[in-house]
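Read the structure below first, then the notes.
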Amino acid sequence: MRPLVFASSGQIRHRASASLSGISDSVSTDDASSPHIQAQLRSNLILPRRFEWNTSAYFVGRLPTEQVPSYTRLDTGITWRASEHLAVSLVGQNLLKDHHLRLTAQIKANSRA
């Protein structure tokens, strides 16, 4: 068995600089409708008999202006490689919750349903 683990995270900030007549002004364009923090952890385990087990965990920070809370997502799957050109997979997504909001439009649509 050969385990592979990958991790990443990020903090998103946007900055713009404008210059008028040689005067430079730094303007913050932080987009509060985008998450400022995101993280991801993925693993891939090669198993005997041409099986692989993949798992991913994601964290996405809240969207302040959209009033969408942060969420954590867990996905996992097992794959059997029958041949070089054929693979069969069984995958589960969003295993922690059956859904999560991404935009305020989803909140409005869900309240009407």
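The values are calculated or read from the model by the stated rules, or taken from the named source; none is laboratory data. If you're wondering where the values come from, they're calculated on a predicted model, not measured in any experiment. Neighbour counts are summed over all protein chains in view; Cβ atoms, including those assigned to glycine, are modelled from backbone coordinates with ideal geometry.
Structure data summary
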| quantity | calculated |
| --- | --- |
| Region 36-65 residues that are in contact (Cβ under 8 Å) with a residue 12 or more places away in the chain, paired with ones that are of a type in the set (D, E) and in a strand (DSSP E or B) (beta carbon under 6 Å, 6 or more apart) | I46/E52; S56/D75 |
| Entirely in the chain, the strands (runs of 3 or more DSSP E) that have 1 or more residues that are at pLDDT 90 or above and surrounded by 12 or more Cβ atoms within 10 Å (Cβ to Cβ) | 37-47, 51-60, 71-83, 86-92 |
